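Beneath this line is the structure, given in structure tokens, with notes to follow.
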Amino acid sequence: MEIIKLLAYIMIPLSVVISIALMILGKIKHIKYLDPKVPLGRLFYFFGNAFSFMCCVLLINFFSYAMQSKDITEGIKYLILGYSFGIYGFTFFFMTGMRRAYDIGFPFWGYPIFVGLILLSSFINDTIFEFLMLGMYIFLLQPGSNNN
């Protein structure tokens with residue numbers, strides 16, 4: 001049971017690392033759904049982010065279930081579900097943002113850097129964090145080359 005709890009503790013960071021590895025692989029191999037140079041409209045960006053946040057909520061939910069599981073099979077079941085939703089949610093979150101930034105005309109790698117800076121600003125001041133987060137979404141809702 002200790003290995004189940006250890007795997008549950010590293011669920012979120014490992015999901016982010018696997019997500020980044022999938023995005024790098026998609027860029028190198030030009031996989032259609034993992035290539036950040038595919039433009040994305042405003043509506044799909046909004047729905048994509050809402051869906052990815054929902055997947056991350058399910059990740060946190062299954063994390064707590066895995067931590068409270070009483071036997072190994074139940075723990076493994078919740079770990080598989082948690083990792084699946086985590087990898088899919090983080091990949092979808094970053095891919096929608098990177099595609100939207102590329103559609104507006106910015107380099108796609110600027111989006112993860114900007115998200116990282118926003119997360120680091122939360123340690124400085126909560127007001128700065130809120131304004132940067134709001135500014136990111138307002139900025140990414142500009143019309144791009146798709147105009148939808």
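For the chain, the longest principal axis of the alpha carbon atoms and the long axis of helix 126-140 meet at an angle near 60°.
Compute the orientation-averaged projected area for segment 1-59 from the convex hull of its Cα atoms and round it to one decimal in nm².
Values: hull surface 20.1 nm².
For segment 1-59, the mean projected area of the Cα convex hull comes to 5.0 nm².
Packing, as the average of other Cβ atoms within 10 Å across residues, places the peptides 68-78, 97-107 in the order 97-107, 68-78, highest first.
What does the accessible area per residue of the chain come to in Å², with a 1.4 Å probe and no ligands, DNA or RNA counted?
Numbers: 8950 Å² over 148 residues.
In whole numbers, the chain has 60 Å² accessible per residue.
The modelled label-to-label distance for the pair Leu43/Leu141, using points 7 Å beyond Cα in the direction of Cβ, is 1.6 nm. Rounded to 0.05, the FRET efficiency of the Ile76 and Ala21 pair, given R0 = 22 Å and the Cβ-Cβ distance, is 0.45. In percent, rounded to a whole number, the relative contact order of the chain is 31, using alpha-carbon pairs under 8 Å and six or more apart. Can you bin the chain into rounded, prolate or oblate? Criterion: square roots of the alpha carbon gyration tensor eigenvalues sorted a ≥ b ≥ c, rounded for a/c under 1.5, prolate for a/b above b/c, oblate for the rest. Because a/c hits 1.5 or more and a/b exceeds b/c, the chain counts as prolate. For segment 99-109, putting each phi into the Karplus relation 6.51 cos²θ - 1.76 cosθ + 1.60 with θ = phi - 60° gives couplings of 5, 5, 4, 5, 5, 6, x, 9, x, 5, 6 Hz, in residue order, rounded to whole numbers and with x for Gly and Pro.
Here the gap between Glu2 and Ser64, fully extended at 0.36 nm per residue and compared with their Cα-Cα distance, gives a gain of 20.9 nm.
Computed from phi, the 3J(HN,Hα) profile of segment 2-13 under the Karplus parametrisation 6.51, -1.76, 1.60 (θ = phi - 60°) reads 5, 5, 5, 5, 5, 5, 6, 5, 8, 4, 5, x Hz, with x in place of Gly and Pro.
Considering only protein heavy atoms and a 1.4 Å probe, what is the carbon-and-sulfur percentage of the accessible area of segment 44-137? Using a 1.4 Å probe with all protein chains present, segment 44-137 comes out at 78 percent carbon and sulfur. In the calculated pair-distance distribution of segment 73-148, the portion above 15 angstrom amounts to 65 percent of the Cα-Cα pairs.
The values are calculated or read from the model by the stated rules, or taken from the named source; none is laboratory data. Values in this document were obtained by computation on a predicted structure and should not be read as measured data. Quick reminder, even Gly has a Cβ in these numbers, built from the backbone with ideal geometry, and neighbours come from all protein chains shown. Only protein heavy atoms, including side chains, enter the accessible area calculation; ligands, DNA and RNA are left aside. Shrake-Rupley method; radii C 1.70, N 1.55, O 1.52, S 1.80 Å.
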